[in-house]
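Quick note: the coordinates plus some simple rules give every number you see, no bench work behind them. Because the structure is a prediction, the values reported are computed rather than measured. Neighbour counts run over all protein chains shown; Cβ positions are idealised from the backbone, glycine included.
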Amino acid sequence: MIEQRGKGYEYCRPGSWEELAAILCKAEAGVMFLAGGTDLAVDLRTGKKSCAHLVDLKGLTELQGIAETAAEEGKKGEICIGSLTSIHQLEINPLLQEKAAALPEAACQLGSRQVRNRATLGGNLANASPTADTAAPLLVLDAFLELWSPSGSRHIPVEDLWQKAGKTFLAADEIIRQITLPLAPGRGTAFMKLGPRQAMDIAIINAAASLELEDGRISQVRIALGGAGERPLRMKQAEAFLLGKEATAEHFAQAGVLAAQESSPRSSRRASREYRLATIPVLTERVLLKALSRLS
Amino acid sequence: MEHKEANSRKIKLLVNNVAREDTVPVDLRLADYLRDWLNLKSVKEGCGVGDCGACTVLLDGKAVVSCIIMAVEADGSSIVTLEGLAAEGKMSDLQEAFLAKGAVQCGFCTPGMIMTAAGLLAENPQPTAEEIKRAVAGNLCRCTGYQKIIEAVLYTAEIRNQKD
């Protein structure tokens, strides 16, 4: 049984942006944001994390939801996801299933049903785990984030969110407000995860890929891996190798070898560095084949 | 390190359809609020870190693990525990199915299993065995009696389907 520690924070649940801004301007330091809390609640209790002010974002109901903006002349269509949308909502959303399959595919493999009902997309990203299941799909979907703080909002590619394990580039008073996925109609995307159990596990490594073909050759490709470094990473050498080539299993296997070369996994209690390096080529090849199978 | 007393906050919520108003410490877990404050003993603490599912309850109709949610976070919501499934002392069809199919061994995981199944059936009235397995992946049965549990949920769906 875990001993109860980490007491002594103030809790608030602002219901509007004005209220949130006022709280953040008044609080001097030690602010922590609470979304689904599936990781943070445990960390606060064990004392792994502590804060002076726990700011629950669930009062901002507009942070939940998934909506499509149709393509217009000169502008691609996109899907906008509020940062507090639950992982379960991603899993069952028909729009995402049809147009960004890698994301619901990852969502349905994250944690347990109870955790997916509670955990949020923004929370999974801001938690900055190198194996966050939603990270690799967002990298291959070219997602960008709208960040908000009392001093204004800004947009960044999802790739620029993470520094290292557990650490983002978000300012102390900054939150993720929205995740935007630009739509690409001719694209096939996929996600795969390696772990000892088929459910409930944190990945040893996970992988996502997106592919587009033109006249039988690869005209666009994205590969992203979790667990291959201290943050979720795009495998840009492997991508460059595949560009313009035919989409064959042999080329995908070669791309997998390149992906292992540009990875720098660490050893953890879940798996050794060597095991990760040995499995990265296999998972990379398989996820590319799966993305290819979704093209036709 | 100074050990400051936790702050308190007033919460209003529905628990098993009864309106409640309590002032709770901000770090009181929902599981402890339900079990210790409201005496709802079906809510069990197994692991305390959200992995075993023994403390599963429905929050606004969705199965959640109440050991990793603070009571203050449930302010304004509706909670159903196993006690809430048995209206006026009569067990629900799902509970009856667990008995009929012998899906109860030591019983520790049973309330959580039933609440997860209740959440699943509300969303998907005709789940396949595979979907049930996936749904209860976060509920650990230390007696390993999973097969009977899956049968009980399938049986409930079947009975409900015959009635429609």
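Under the Karplus relation 6.51 cos²θ - 1.76 cosθ + 1.60, θ = phi - 60°, what is the ordered set of whole-Hz ³J(HN,Hα) values for region B:16-21, x standing for Gly and Pro?
Values, residue by residue: 6, 6, 10, 6, 10, 9 Hz.
If the limit is 18 Å between Cα atoms, which of A:Lys49/A:Lys193; A:Lys99/B:Lys133; B:Lys101/B:Lys148; B:Lys41/B:Lys101 go over it? Display every interim value, and only then the final one.
On the way: A:Lys49/A:Lys193 28 Å; A:Lys99/B:Lys133 27 Å; B:Lys101/B:Lys148 6 Å; B:Lys41/B:Lys101 24 Å.
From A:Lys49/A:Lys193; A:Lys99/B:Lys133; B:Lys101/B:Lys148; B:Lys41/B:Lys101, over 18 Å: A:Lys49/A:Lys193; A:Lys99/B:Lys133; B:Lys41/B:Lys101.
Which residue, A:Pro182, A:Ala126, A:Val158, has the largest displacement toward the positive end of the dipole of region A:74-182 when charges sit on each Cβ (Lys, Arg +1; Asp, Glu -1)?
Final value for the positive-end residue is A:Ala126.
Where the only charges are on Cβ atoms (+1 Lys, Arg; -1 Asp, Glu), what is the dipole of the protein assembly as shown about its Cα centre, to the nearest 20 debye?
1120 debye
Among rounded, prolate and oblate, which fits region A:91-218 when a ≥ b ≥ c are the square roots of the eigenvalues of its C-alpha gyration tensor, a/c under 1.5 means rounded, and a/b larger than b/c means prolate?
Details: a/c = 1.73, a/b = 1.18, b/c = 1.47.
The shape class here is oblate.
Using Cα pairs closer than 8 Å and at least 6 residues apart in sequence, work out the relative contact order for chain A, in percent.
Over chain A, the number comes to 15 percent.
Calculate the mean, over all residues of peptide A:114-124, of how many other protein chain Cβ atoms lie within 10 angstrom of the residue's Cβ.
Mean number of neighbouring Cβ atoms from other chains: 5.
Rank the residues B:Val72, A:Val31 as a footprinting-exposure proxy: fewest other Cβ atoms within 10 Å of their Cβ go first. Could the numbers behind the result be given before it?
Details: B:Val72 24, A:Val31 17.
Neighbour counts put them in this order, fewest first: A:Val31, B:Val72.
Going through the DSSP H helices of chain B, which span 30 Å or more along their own axis at the Cα atoms while scoring at least -0.5 as a mean Kyte-Doolittle hydropathy?
Helices passing the filter in chain B: none found.
For B:Glu96, B:Glu21, what's the fewest-to-most ordering of other Cβ within 10 Å of each Cβ?
On the way: B:Glu96 15, B:Glu21 8.
Ranking B:Glu96, B:Glu21 by Cβ neighbours within 10 Å, fewest first, gives B:Glu21, B:Glu96.
Which whole DSSP H helices in chain A pass both tests: a Cα extent of 20 Å or more along the axis and a mean Kyte-Doolittle value no lower than -0.5?
In chain A, the long hydrophobic H runs are A:273-293.
Determine ³J(HN,Hα), in whole Hz, for all residues of region A:106-120 in sequence, where each value follows from phi through the Karplus function 6.51 cos²θ - 1.76 cosθ + 1.60 and θ = phi - 60°; x replaces Gly and Pro.
With the stated coefficients, region A:106-120 comes to 6, 4, 6, 9, 8, x, 9, 4, 4, 5, 5, 5, 10, 5, 10 Hz.
Using r as the Cβ-Cβ distance of B:Glu45 and B:Ser8, and R0 as 25 Å, what FRET efficiency do you calculate, to the nearest 0.05?
E between B:Glu45 and B:Ser8, to the nearest 0.05, is 0.70.
Hey, if you put +1 on the Cβ of every Lys and Arg and -1 on every Asp and Glu Cβ in region B:87-163, which of B:Thr156, B:Thr128, B:Gly138 ends up farthest toward the positive end of that dipole?
Value: B:Gly138.
Here is the link list: A:Lys76/A:Lys290; A:Lys26/A:Lys58; A:Lys167/B:Lys44. Which ones come out longer than 23 Å on Cα distance?
Among A:Lys76/A:Lys290; A:Lys26/A:Lys58; A:Lys167/B:Lys44, the Cα-Cα distance tops 23 Å for A:Lys76/A:Lys290; A:Lys167/B:Lys44.
Read phi for every residue in region A:183-197 and hand back ³J(HN,Hα) as whole Hz from Karplus 6.51 cos²θ - 1.76 cosθ + 1.60, θ = phi - 60°, with x for Gly and Pro.
Result, ordered by residue: 8, 9, x, x, 9, x, 10, 7, 9, 9, 9, 10, x, x, 10 Hz.
Under a GNM of chain A (C-alpha, springs under 10 Å), which listed residue has the highest mean-square fluctuation: A:Glu73, A:Glu28, A:Glu98?
A:Glu73
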